Structure formats: C-alpha cells, structure tokens
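A quick write-up on the structure given underneath.
The values are calculated or read from the model by the stated rules, or taken from the named source; none is laboratory data. Bear in mind that the values here come from a model prediction, so they are computed numbers and not experimental data. The accessibility values were calculated without ligands, DNA or RNA, using every heavy atom of the protein model including side chains. Shrake-Rupley method; radii C 1.70, N 1.55, O 1.52, S 1.80 Å.
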Amino acid sequence: KVLSQNLKKIKLFTQAERIISLRNLRPKKKEGFLKVISIFSYLGITLGVATLIIVMSVMNGFKTDLTNKILGLNPHIVIQSNSFEIEKEFEELLKKNFKDINITRAYSGEGIVMNKDNAKGIIIKGVNPKNTENLNFLKKNILNGDLNKFINNTVFIGAELAFNLNLEVGDRINLMSSAFIATPLGGFPKQETLTISGIFRTGFYEFDQNFVFLNLSDALTIFDKDENDQNLEIYLPDPLKADNYKEKIQNLNQNYFVYSWSDLNKSFFSALKVERNVMFIILTLILIVAAFNIISGLTILIKNKTKEIAILKTLGLSNSSIKKSFFLTGFIIGFAATISGLVIGVVFSLNIEKIRVFLSNTFNFELFPSDVYFLERLPSEISSYSISVILIFSLIISALASYLPARSISKMKTFRALKYE
C-alpha cells in the first residue's frame, strides 16, 4: 500500500503501468525462483550501499581526526631564519599586515631521552609558556601533572613515551640533543637533566610517544642556540587557508623559508585521498554485481510473461507503457534496497566505535590497533556529500539494470506470442 501510494505521486507512470509493476513484484508460487533472485538483488544492493556509506564515513572521520590532531599539535605556518636572523621589524610587519594571526617564537630539534637503562629518539620542542596557543594545547590534553609547574628545567612528555620508559610526574630524565660541545677529548652531545612536570595524551599515538615539550629558554640552551635562531610560528583563525597566507608572507621577505602544516603532511593526505577513491571504486563493484541480479531476474520475468505481454499489446497497451512497467519493477527493487542500505549504513556509522569495542571484546583481538592507525578510537564522520553521491550512483545503476531487459520488449512480436495460445 505504501509503494502504491508513493507511485501515484509519480506522474511519469500511468495507473496501469504501476499496477503491472506491482503485480510483477508478487510472483506466483511456480515462479518462486524469481522471488529468490529479487531477494538477492535487494540484499546485494542494500549491502553495497551500506558498506559504501560505512567505509566512506570511516575514511572521512579518519581524515578529519588526523587533520584536527595535526592542527592541534603543529603551528599552521612556520617561518625559519634560513641563515638570516628573523628581525623584530619583520615580526611587527606581520602583525600589521595580518591582524587576525597569532605569532609566537619557538625552536625544535631531534634528541634522545634517557632513563636508567632505557633510551629513545624524540622531537624536542621548546615553546613560549606565555603563548596562549601552546598553553591551551597542553591544558586541553593534560593527563597528569600541573600546568602551573611548567617552568624552567621541567618538561611535558607524551603518555606513550611515559609508559614505554616507565616514567611518572616528578621523575628526572636526561635529554641529549643533536648539538655538540667542544671538549679537550673531542665533541660530545649536550645533555641536560630535567624534571617531568606533566604528562599529556592527544590520542595521536605517534605524537604521544615522540614529542617532549620544554620551555623555549631550555630548548635554546640544550641545542646551544641563541634568540636569533628561533623560528616564528603562526596560528590562523582558519588553518585551511594556511597556503594563502604562506604565499603572502613569503612575498614580504624572500630570505626566510616559509612552510605550512599542509606542506609537512602533503604526501600523507595525498595517499589518504588515493586510498579513499580506490576503496570507493572497489566497493561499487558490489552494486554492479547486485545489478546483474536485477538484469537476470527481469530477463527471466519478461520471458515468462511473454503471453501476458502479447495480450496487453492486443488490448492496446503500447510498447512504451509495457517497457515502463517492467522498468519500474526493477527500479522499485533498487530504490527500496538503496534506502534500506542508507538506513543501515548511517546507523552502523553512528555506532561504529561501540561495534568495534563489542567485536574486540567478543573475539578477543584488536580490530583497530592504535600503533598502526595512529588513533586510539575508530573515527566516523557522516558526510551528506558522500551519501548523496552513493545514493545517486546506486539509483543510476539500478535504473540501467532495469532498463536493459525492458528494452527487449519492443522487439517482441505479438502474433508469434499468441500463435499457439
């Protein structure tokens, strides 16, 4: 009744065409195999649409989560001195030309953290504790410790690094930088002993095990640098416009090396985009395979209905009307399956993390290892654009699969069909 009511609103089909198509959806008992084919067609398209929506939602969520993590962990634009001192006048010029940006000075480099018998290579980043961007980041992600104690000779370390080296707040660690100091016995890497004032957890596995924050003055000391070697870090109101700002800043002074957060992660996001597109293409094969069931089902149905089609033609129903009625039969299956797949895919995507936890606990295996996928939870983001593309693509495939068999009706000869009746 619901289908009948909805079809009445479609002016493209007459009442006779709608009645014939709905009758074809209820095959006789002796045509049970047609019902089986219809069920498989319906399930195939439903599964294909649901799978596409789930995979695209996870891929979108993965990209969004990683982008947010990267934007939270890194400045949006970095200006390096490139052997030229970054003068105060240039910093003032930036503030004058771009009044909506936040500028701070920082310095970072590679080093080694040592604790008893353990050692690990890390990134040492010196930050200005007076800068709100740095403080907000640490405050938002602090797991243990006190941000007020983030003073000279103290460090903030990631949770994974603390776990791997068995470190806690209050412990003392040795930091060794890549800078060498001259001694009578030769060059030795510079070392400093600092106290852990806090531990942070961002949920980004690679960052939580590789980064150490300390005060800017301590970072300059451990790398044997001075204030002239500091970099300028810029935070924007809209990080996605970083490349536009980068070009304008580079034009102000060609002596400095300017790069954005997207430059540092360009290859990663390009690979992610390619993977997403390939997954979409591969998974659409499910829809195409399911569409062949519609083609085969309609073809068999038309062959079995040869006598009925001939009678309808004799009664005055045109070839076009008969084709439209059989086309509508296949399209209804595809349309209903597409809507069902949409509902299942959206519901599954909204509860993907709960399902992951359930499967992991039930079968006792890690479905989404954080050390491989960088994130601690399975992300999901439902995109209206992706869903629209999937729905349109599914309906187009269903329409083509319904049209191809229906087209053969025009080639049928009425007198041959009725000759032996």
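Can you give me the Cα centroid spacing of region 308-322 and region 229-255 in angstrom?
With region 308-322 and region 229-255 each reduced to a Cα centre, they are spaced 71 Å.
Per the 1.4 Å probe, what fraction of the accessible area of region 58-156, in percent, lies on carbon and sulfur atoms?
46
Given the pairs LYS95/LYS149; LYS225/LYS248; LYS96/LYS149; LYS63/LYS354; LYS140/LYS246, which span a C-alpha to C-alpha distance of over 24 angstrom in this model?
LYS95/LYS149; LYS225/LYS248; LYS96/LYS149; LYS140/LYS246
One-quarter of the Cα convex hull surface for region 277-346, in nm²?
Projected area, direction-averaged: 5.9 nm².
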